[in-house]
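In what follows, a structure is listed as structure tokens, so that the remarks can point back to it.
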Amino acid sequence: MRILLVGAGLSGAVIGRALAEAGHDCRIIDARPHIAGNCHTERDAETGVMMHVYGPHIFHTDDEGVWNYVNRFARFLPFQNRVKTTAQGRVYSLPVNLLTINQFFGTTLRPEEARALIESKADTTITDPQTFEEQALRFVGPELYEAFFKGYTEKQWGCSPTELPASILKRLPVRFNYDDNYFFHRFQGMPQDGYSAMVAAILDHPRITVDLDTLYHPDMAAQADHVFWSGPLDGYFDYRLGRLGYRTLDFERFTHQGDYQGCAVMNYGDREVPYTRITEHKHFSPWESHEGSVCYREYARAAEPGDTPYYPIRLVEEKALLEQYIDLARATPGVTFVGRLGTYRYLDMDVTIREAMDTAQAFSQGPTPAFLRDPL
């Protein structure tokens, strides 16, 4: 069959590789001049540092099948994300752990004592947290909420934490030990030569052709037996019902001789600091040595037409519009919507790859639906 895949990121590459190995001819197009989507990496010409061009991407998963898959195409080296935050004039360890608690309250508590302290500060009158703020107040209390979550969240999402669902905060653990590994998955690492090299290896198959700087046109679908769309869901329909909401990121790049901040990621929790974090890219490749350093100050804002979308907002208004686009998609034959943008869901890289693998398998077994997983 002739397969058209729109988007040369992880979804398009993984599906394309599987279908090419199954004997199908796959054409992959991307509007950007590079492969790998938002996890694109490249060497900085000035310093030689491996740059995460669209912000840091750290691979972590409990899915052994996905871990084996990425290691088939790249050599992964150990990397654990150890985030710090500057708040109220001091530096703390994230996620909130026993060191953070003892630092913040000036104590030397053991795990049981710290647990009791946090429980004493928590608002136990909140029995069913509905908003981000209620979730934070219920589980960490007002002081830690104000220091580490409130200002950062307002900057990241552009709205009050009272307008965000409690589910967002469930991604942020509180630990009553000294473990400051940001993630808790069994497999964690970073591809030695960057994500773009890994995606290039996935795409290296005689039945795959890749056309970059190429915009999708509906006429292309007529030349294919099936289309896999990893662009914005509303973009496929030319935004006819309106635009789904996204947050985007602006990066202010600067260089430094030596080590600028001593860690890969430094968050800034205070609302008065306009950026959410500073990332220092050479620390994402600790096996390399560079005198120069490249850093990004990261600013979040609402995405506008022409911006690179990063995070689906998925608040009440967006979910109502999303339902309408889902109905449109399901009524459109010959197209499967995949990935973060195509399904309007926040997906980590490992989940994106797993769903792409499963989508390719489903395609080989018969007619493929518009969505392998229900976007709602």
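The values are calculated or read from the model by the stated rules, or taken from the named source; none is laboratory data. Everything numeric here is computed off the predicted structure, so don't read it as measured data. We place every Cβ from the backbone using ideal geometry, glycine too, and count neighbours over all the protein chains shown.
At a glance:
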item	result
The listed residue being farther than 30 Å from residue 83 by Cα and among the polar types (S, T, N, Q), out of 156, 188, 223, 192	223
Elements of type helices (runs of 4 or more DSSP H) contained in region 115-196, each with 1 or more residues being surrounded by 14 or more Cβ atoms within 10 Å (Cβ to Cβ) and among the β-branched types (Val, Ile, Thr)	151-157
Within region 317-376, considering residues that are among the aromatic types (Phe, Trp, Tyr) and within 15 Å of the chain's Cα centre (by Cα), the one nearest to residue 188 (Cα to Cα)	346
Those helices (runs of 4 or more DSSP H) lying entirely in region 293-376 with at least 2 residues modelled with pLDDT under 95	316-330
Residue 347 being under 29 Å from residue 25 (Cα atoms) and among the aliphatic types (A, V, I, L, M)	yes
Output for region 124-166, where each listed residue is more than 26 Å from residue 89 (Cα to Cα) and without any contact (Cβ under 8 Å) to a residue 24 or more places away in the chain	124, 125, 126, 127, 128
Residue, surrounded by the most Cβ atoms within 10 Å (Cβ to Cβ), within region 205-227, restricted to residues that are outside any loop (DSSP other than H, G, I, E, B) and hydrophobic (A, V, I, L, M, F, W, C)	208
Contacts under 8 angstrom Cβ, first residue in region 247-266 being of a type in the set (Ser, Thr, Tyr), partner part of a strand (DSSP E or B) and crowded, with 17+ Cβ neighbours inside 10 Å, 6 or more apart	248/300; 255/293; 255/294; 255/295; 260/278; 260/280; 260/293; 260/295
Residue count, region 252-277 (criterion: surrounded by fewer than 16 Cβ atoms within 10 Å (Cβ to Cβ) and not in a loop (DSSP other than H, G, I, E, B))	6
